[in-house]
Amino acid sequence: MSKEVLINETRPHDSAYKHVSGYAEYTDDIKEPEETLFGAIGWSKKAHAIIKKIDLSKVRLSEGVISIVTHLDIPGRNDVGPVFDGDPIFANKKVEFYGQPLFAVSATSIELARKAVLKAKIIYKELKPIVTIKDALNKNKLLFKVRKIKKGNPSKKISKSKNYLKGNFTTGSQEHFYLEGQAAFAIPKEDNNLIVYSSTQHPSETQQLIAKMLNQKSNSITVLVRRIGGGFGGKETNFMTSSICSLLAHKSQRPVKLRLDRDDDIIITGKRHEFYSEYEVGFNDKGVIQGLKLKLASRCGMSPDLSMAINERALLHIDNAYYLSDVEVENYLCKTNTSTSTAFRGFGGNQGMMVIENIIDNISRHLKRDSCEIRKLNFYHKNKKNITHYGMKIEDNIINEIFDKLVKKSNYKKRYSKIKKFNSKNKYKKKGIAITPVKFGVSFTTIHLNQAGALVHIYTDGSIHLNHGGIEMGQGTHTKIAQIVANSLGMPYEKIQISTTNTSKVPNTSASAASSTTDLNGAAALNAVTKIKFKLEKFIKSKYKIFYNKEPIYKDGYIIFGNRSFEFNKIIQEAYLNRISLSSTGFYSTPKIKFNKERFVGRPFLYFCYGAAVTEVTVDTLTGENIIDRVDILHDAGNAINPALELGQIEGGFVQGQGWLTIEEVNWKPNGQITTFSPSTYKIPSVSDIPRKFNVEIYKDGKNREKVVNKAKTTGEPPLMLAMSVFYAIKDAIASAGKYKVAPILDAPATPEKILMSLKELKNRTNL
C-alpha cells in the first residue's frame, strides 16, 4: 500500500496532467450524438431602445437552421434574476444594453447558426442611454433607494479634527476573461426531463432557473459540472447561456450545444462593478482617522443581479484593517444601460478596501510621512479598538504580526530610503514603494448560502466515491476535499474518486463563491465520512467485543483500537456481509454568523484572512509605462491543507488584482457600445507583466481560531487585494516627480495614459 497523503502535504492538482496535456474535459469537449444541434444568440445592437419590429424570416430560411426561440417560446418565467427580477432571457418590448439577447437559433453546425443570426432585421426607436455613474447620479437612476450607514458622529469628529481632506476616487470595471467561455450542452430525455452540462459556478440555481423557465419541477432538470475553465464570479449567476441552450433543446427535442465566442461572451456578460467614491476625513497630527464620511456609488448595469450583496460587502470592507470610530456612508446603486455588473473575485470587498487605502495614502502625503507608519497607527488592536463599524468584534487579529514581519523580511525601510535617493538623482525614471495590508471577511453575507452537502460511498473493495456541491474551476477544491476524506479514513489519496458535481446527487447547493467552497464542502464531506465511521466502529466493537473508550485511529489502511487493528478493506467487506450501510450524506452549515442587513449590524463573517504585500515599481515619466521590480508577500492561509495549491492561488490572485488596478480597462462609447470586447482591445497581464522578483510566503504561524477543517483559511479571494500595493507604489513614484509635496490624483486602473495625466496634473499643481 502506498503512503497515504495527509492534510498539510503538497500534492498536485487532481487534473494537473489533464490540464497540460489537453485531456481535461470541459463542456464543449463532450462528444455530441449525431442529432446534436448548435446554438447562437442574436443580440441587440442598441444600448437603449424600443423594439418596433423583429423580422426573423431570413433567419428561418437560412441554411441549417432547425429552430428559433424568442420570449414568446418561453413556457414559464422569462427571467434569470437570481435574487430580484429584471434579467430577462430575451428582451420583449425594450432593450436596455448593447448585447442584450433578443432571440436564438439552433442549426446543424455552429458556423451555420452564427451566420443565421446575422440575417435578422430589427427596427428600433432609439432612446438616450445612461452609461456612466455620474450620468446615473445626475438623473437619479438607481436600482434601489439610497442606503445610509452610520456609526458615531463623524461630522462632529471631522469638524474638531486638526486636519481635513476631501476628494474623490474611482476604481474601474474588469472583464473576467476566463479561459473557458460560457458554454452549455442540453440533452432532452423522456418525460420532458433535461440533462444539462454547464460551465457554471452554481449548478443548483442553474437547475432551478431552467425549471422555472420551462414551467417544470426542479427534479426534471439535472445539471452536471465536472470542471470549469475559470469563473472568478463570472459564472456565479450568468444563467443566460444554460437557459437559452435548454430552451432550444426543449423546443427541438434534440441535443443542443451552445458556446459563446469570445467577442459575444464579453459583450453579453457582466463585469466587475466600477465604483466611484467621494470622501471627507478628519485626522490628528499623527495621522489617526477621527471621522470619515463616504459616498459610494457603483455602476450596476441594467438589472439588480447581485449588486445589492456586492455593495453590502463593499460597505463591510471600507475599513480594511483599520479601526474607524466614527463613520457615515451613503451607498448608491446606479442603473446604467450597460451589461449587468456581476460577481467578480473579491465581490465588492476590494472596491471598498481601495477607498480607505487611498484615503490613508493621501493622509500620509498631507503629513509628509511614510504611509507604512500611518497604516500601522490606524490598525485594529487586539483588546481595544477591535469593534468594526458594523458591530463585529475582531477576535483573530494578526495584522500587526504579519505587517511587522513583512516590513523586516522585505527590508522595506532601507529600500524606502534608497528609493528616495534614486528619485532625487533621476529625472525621467522614478521608483515607488508601498506596503498594504489585507483583512478580508470569509462567509456569504447572504446567510442562508452558508451551507453545503456531500455524498460518500465506500465500496466493498475499499474504494471510496465522493461527491460534493463545490465546483472545480482550477483552484484545487477537489484535490483538497479528497485529501480531507483520505486523511480522515487513513487511506491513500488514490483510493478516492471524485465524480462530476451533480444536482441529482447533492441537492440545493450554494455557489462555489465567497471563498467558502472548501470550507463548506470539505466540512460536509467530513460529516458524511464521520457518519460512516460511526457505523463501522459500532459494528467492529460489537462483533469483536472491543471495549475501547477512545477514538480509534485510521492510519495506513488500518482502523486501530488501542492494541487491536483491523485492515480497512477486509472490515469493509465484513461490514457489507453484515448489512452495514457504507454510504452517507453529509451536511454543514457555518456556525456563529448572524447579520441584520437592514440595521447593518452583526457578525457576517466566521473569520478573517490577513496578509500584506510590499511592491517596488519603476515608472517611466515620459511614457507612463511601469515595471514591477519586486513584490514580497506574506499571507495567512491558516494551517494550509495543501500549501502548493494555496501558493498558486496567492500568486494568481495577486496577478489578477494587478491587472484590475494597472492594465485592464473596460470602455463604453457614449451610445453604450462596449469597445473593449476582444483580446485585441482588452489587455490582461502577460508573462512580461509578472513582477521581476516575486517572493511569496505563507505565514507559518497561521492557524484558524474557528472550527473549520484542519484550522485552514481560504486563499480564494483575499490574495487579489494584495495587489493594492502595486497601485500605491505607482502613486508613490508619481509623487516623487512632485518632490513628494502633494498627493497625486490617480484613479484605477493606473494605465500608462492615466499615469501621464496624473504626472501632468501634479506638475501643474507644484509648478515643477
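Overview of results
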{"quantity": "Computed over the chain: relative contact order in percent, which uses C-alpha pairs under 8 Å that are six or more apart", "calculated": "16"}
{"quantity": "Contour excess over end-to-end distance, with Cα ends at I546 and T681 and 0.36 nm allotted per residue", "calculated": "41.6 nm"}
{"quantity": "The stretch 399-446 - Debye-derived log10 I(q)/I(0), Cα point model, q = 0.18, 0.25, 0.27 Å⁻¹", "calculated": "-0.68, -0.92, -0.99"}
{"quantity": "Exposure proxy ranking, count of Cβ atoms within 10 Å, fewest first, for L224, L622", "calculated": "L622, L224"}
{"quantity": "Rounded to the nearest 20 debye, dipole of the stretch 366-500 from Cβ charges on Lys, Arg, Asp, Glu", "calculated": "2140"}
{"quantity": "Listed residue pairs exceeding 25 Å between alpha carbons, taken from K150/K594; K293/K431; K53/K134; K53/K217; K427/K760", "calculated": "K293/K431; K53/K134; K53/K217"}
{"quantity": "Virtual spin-label span in nm between E401 and S581, 7 Å along Cα→Cβ", "calculated": "4.3"}
{"quantity": "Cα gyration tensor shape for the stretch 632-686, rounded if a/c is under 1.5, else prolate or oblate", "calculated": "prolate"}
{"quantity": "Point-charge dipole on Cβ atoms (K/R +1, D/E -1) for the stretch 528-620, about Cα centre, debye to 20", "calculated": "880"}
{"quantity": "Karplus (6.51, -1.76, 1.60) ³J(HN,Hα), θ = phi - 60°, over the stretch 71-76, in Hz, Gly and Pro reported as x", "calculated": "4, 6, 8, 8, x, x"}
{"quantity": "Lysine pair number, Cα distance threshold 21 Å (strictly under), the stretch 605-754, separation 8 or more or different chains", "calculated": "13"}
{"quantity": "Charge dipole (debye, nearest 20) of the chain; +1 at Cβ of Lys and Arg, -1 at Cβ of Asp and Glu", "calculated": "2760"}
{"quantity": "Lys/Arg +1, Asp/Glu -1 at C-beta; the chain dipole; positive extreme among T436, N193, T662", "calculated": "T436"}
{"quantity": "Burial ranking of peptide ranges 485-498, 247-260 (average Cβ count within 10 Å, highest at the top)", "calculated": "247-260, 485-498"}
{"quantity": "Distant-in-sequence amide H partners of G81 (H built 1.01 Å from N, under 5 Å)", "calculated": "G86, D87"}
{"quantity": "Likely footprinting exposure, T388, T501, T766, fewest C-beta neighbours within 10 Å first", "calculated": "T766, T388, T501"}
{"quantity": "Sorted peptide list for 557-569, 110-122, 266-278, 523-535, criterion being average Cβ within 10 angstrom, highest first", "calculated": "266-278, 523-535, 110-122, 557-569"}
{"quantity": "Peptides 339-348, 708-717 ordered by average Cβ neighbours within 10 Å, highest first", "calculated": "339-348, 708-717"}
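Read-outs: derived from the displayed coordinates by stated rules, not from any lab. Bear in mind that the values here come from a model prediction, so they are computed numbers and not experimental data. Positions of Cβ are backbone-derived with ideal geometry, glycine not excepted, and every protein chain shown enters the neighbour counts.
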